[in-house]
Each structure stands twice: as structure tokens, then as C-alpha cells.
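The values are calculated or read from the model by the stated rules, or taken from the named source; none is laboratory data. Note that the coordinates shown come from a computational prediction; the quantities given were computed from them, not determined experimentally. Note that we place each Cβ from the backbone using ideal geometry, even for glycine, and neighbour counts take in every protein chain shown.
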Amino acid sequence: MRGAGLKFFNIFNISETFRSLRIRNFRLFMSSQVVSMTGIWVQRMTTVWLVLSVTDSPFLSSVNDFASQFPVLVLGLFSGAVVDRIDKRRLIQVTQFMLMILALSMAVLTFTHKATYLLILLISVCLGTVNAFDMPARQACISLMVDRPDYLTNAIALNSAVFNLSRVIGPTVAGFVVAAVGEGYCFLFTGLAFIAPITALHLMRLRPHIPDAERPGVITAIREGLSYVKNNRHIKITLLMVCTVSFFGMPIYVTFSALVKMVLKAEASLFGLILGGVGLGALVATIRIASLPNIKGFPRRLFWTLFCLGGGITAVGVTKIPLLLVPMSLPVGWGLVYSMTGCNTMLQTFISDKMRGRVMSLYTMALSGAAPLGSLVTGVIMDKIGIVAAILFQGIACLIAAFMYMRYINILDNSVQSLYGDETLLGDS
């Protein structure tokens, strides 16, 4: 028994899992992210539940989810060029302040019982517009905070781990708070949570931003970014995988909420527990990635994560017993986030600093731009065929995508191998 326990901890390589936290700037960033990201997930879960309560329509809930993310798809190329041109720290401080104002606005509307669907939709559009600049800026800023290249992979994975720790805490807390005292207090918490990253960014000691004297115009910068991706096939494949997982996997927050409220007729607390299960599986996945020394073997592991995601979603769709939904949500979280974090880590390792903002804006477009389109499609399926049918559509599509992805594994493996010389690629045990 003791030997098995030691083997478990050795698999996760605990001594190296948190190595990037030795850097002060990144410690500040991560501690603030725990607070703000928890608030963001509280807000997201609460908004989904509030829309369903106001409208009783899964389709309108899908439309609102679309509205909150579609601006990322529209503005992604422009925001990436902007991120590469200006001081990233100042930009993030501004976007975090705007996100705080939007969350507090939702709190006021909810407390005063004036939260109509149209007002929620308008705030969701504003939220998506701000996120179009905030998300690529935060991704690109990690390389500024972590000044040791050998720590970058670990830092990216830990950033994702915090994202998924908040996915465990946020929805679970929100489910119980909504059931106990209502949605307004959840939005209030989210608004106050943004004080943490604004303060942390102020305390960081980053190298000063030096504008490029020969920097191209925005349109030229966009063309350069697209040309860079076009000429690097492994980057295109990675972005395509992110887009696929986002389109078929991310709408679970809409379909699972509809399953709980409309099919099972259960309380918000069950939805919170299911999302907590998703987050727990995701957290374990990101800790595993953080414990790895590099990206060797990532392309082959991504096949199994897609397979795990599709199988988990399908299992949720066919399950009729509410208590079984929580454990069945664990592989969903593992597959969803291991694939996203793995692709993010590979991209950040592949790309040059000069192109980081533009490529990460494309990553953000694939991550948060394809998701609302997927939400619309699943919303139509829920409306015309049924909620269970929409969930099964998501699961089976992910399984098909896993087998289609197999033909590209060798291309990505060769690109990873070129980064580390002729060493034999390491698999995951």
C-alpha cells in the first residue's frame, strides 16, 4: 500500500509541479487569479441559471452564451495586433476594471429585480467584447512574468490549473448560494474579486514596455500573424483541435444546466456539483501537465483526451440517475481541459515572442469564438429534438473528432521532436 502511494505521488512529480511559483511576479499573478477566476466561474454559472429562470428557455440560454463569447470571434484578429503593440500590464488592468463594473452592474440589476433578458444579453455582449482583449493579453503576459524559458511550460499549466481550481470552487459555491439567498450575491462577489488582479498587477516588477519603433500598422500586423500561422502547419493543426474541442465540448455548461433544470427538475445545487465534478477532473489533468518537464508526448496523449471527453459527455447524456452524474462528469473535465491546456502549452512553446499576442488571439478565437457557435447549434437541437439528443450529439462528435485527429499525430510529434533535437519522444505513463 505504501509503495502504491509513493508511486502515485511520483507520477505527479510533486516536487516540480509548482516550480514556476519561485518567481515573485508569477506568484502575485497566480494568487490573484485564484480569487478573480473563482468569481468569473461564479458569474458564469449564475448567469446561466438566471437566464433559465427568467426565460424558461434552453434556446435563449444558448443565445446568451453565444452573445457572451461571439465578440471574441469578431474582434480576435484586431485584439491580437493591439496586444502585441501596447503595454500588456496596463491593458489587463483596464480590462479587469471593466469586468468588475459589468459584474457589479449585474448585481444591481438582480437585487433591484430589473434583470430582464435583454439587459442580461446586452451585458453579455459587453463582457465578450472586454474578454476579446483581456484573454489574449493575459496569455501573452505570462512569458513576461516568467523570465526563465525552462519554467514557461510549467507556468502555463499552473495558470490553467488555477482556472480549473476555480471551476471546482466557483460553480459549486454559486449553486448553493443561489439556492440559499439568490443570484445577486454571486454577482457582487465576482465584482469585488477583480480587485485582486488589479492590485497584483500594480505590485509586479516587470521590464518596462518599449514600443517598437518600426512596428507595422494594425492591418499589416494582422496579415503577418495570419501568414505566420499559415506557414507553420503544426500551429494550424493545434488551433484546429482547439476549435473542435471548443465547438463540441464547451457548450456543456448550457446543455448540462438544461438537463438538470428541465429534464431532471433538480435544484441549482446539483448543477453546481456536476460542474464541480467537471472542474475536479480538469484540475487533476492540469496538475499532471504541470508536473511534466516539457511537451514531449503531448500530441499522442491528446487523442486519448478527446476520446475521454466524448465518452464522458455521452455517458452523462444516457444517465438517468442524478447521483451518477457527478462522478461521470470527472472524465468530461479531464478530457476537456487536458486537450485545451495541452494545445495551449504546445502553442506557447512553438511560437516566437514577437508573434505571441497575435497567435494567442487566434487561440482565444478558437477557444471562445467556436464555443458560442457550438452553443447555438446545441441550442437548436435542444429546441427541436431534445436536451438529451443535444448532449449525445456533443459526445459522439468528440469521439469522431478523436479518430479524425489520429492522422495528424505524426506531424505534431515531429514538430515537438525538432524542439528537443533527436531525442526519443517520451510517452505518458
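Among the residues of region 314-325, is any buried (at least 24 other Cβ atoms within 10 Å of the Cβ), assigned to a helix (DSSP H, G or I) and in contact (Cβ under 8 Å) with a residue 24 or more places away in the chain? First the steps, then the outcome.
Keep residues of region 314-325 that are buried (at least 24 other Cβ atoms within 10 Å of the Cβ), which gives 316.
Okay, now just the ones that are also assigned to a helix (DSSP H, G or I), so 316.
Next, from what is left, pick out any that are in contact (Cβ under 8 Å) with a residue 24 or more places away in the chain: 316.
There is at least one residue in region 314-325 that is buried (at least 24 other Cβ atoms within 10 Å of the Cβ), assigned to a helix (DSSP H, G or I) and in contact (Cβ under 8 Å) with a residue 24 or more places away in the chain.
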* Structure fact -> Given the conditions (1) among the hydroxyl-bearing types (S, T, Y); (2) modelled with pLDDT of 80 or more; (3) in contact with a Gly (Cβ under 7 Å, 6 or more places away or on another chain), every one holds for S269 apart from (2)
* Asked: Got a sec? Which of D56, D87 is within 27 Å of I195 (Cβ to Cβ) and charged (D, E, K, R)?
  -> D87
* Asked: Give me the pairs: first residue in region 267-295 and touching a residue at least 40 places away in the same chain (Cβ under 8 Å) and under 22 Å from C343 (Cα atoms), second residue among the aromatic types (F, W, Y) and assigned to a loop (DSSP other than H, G, I, E, B), beta-carbon distance under 7 Å, and six or more apart or on different chains, which are they?
  -> N294/Y420
* more than 17 Å from the chain's Cα centre (by Cα), modelled with pLDDT of 85 or more and among the small types (G, A, S): does that describe A81? -> no
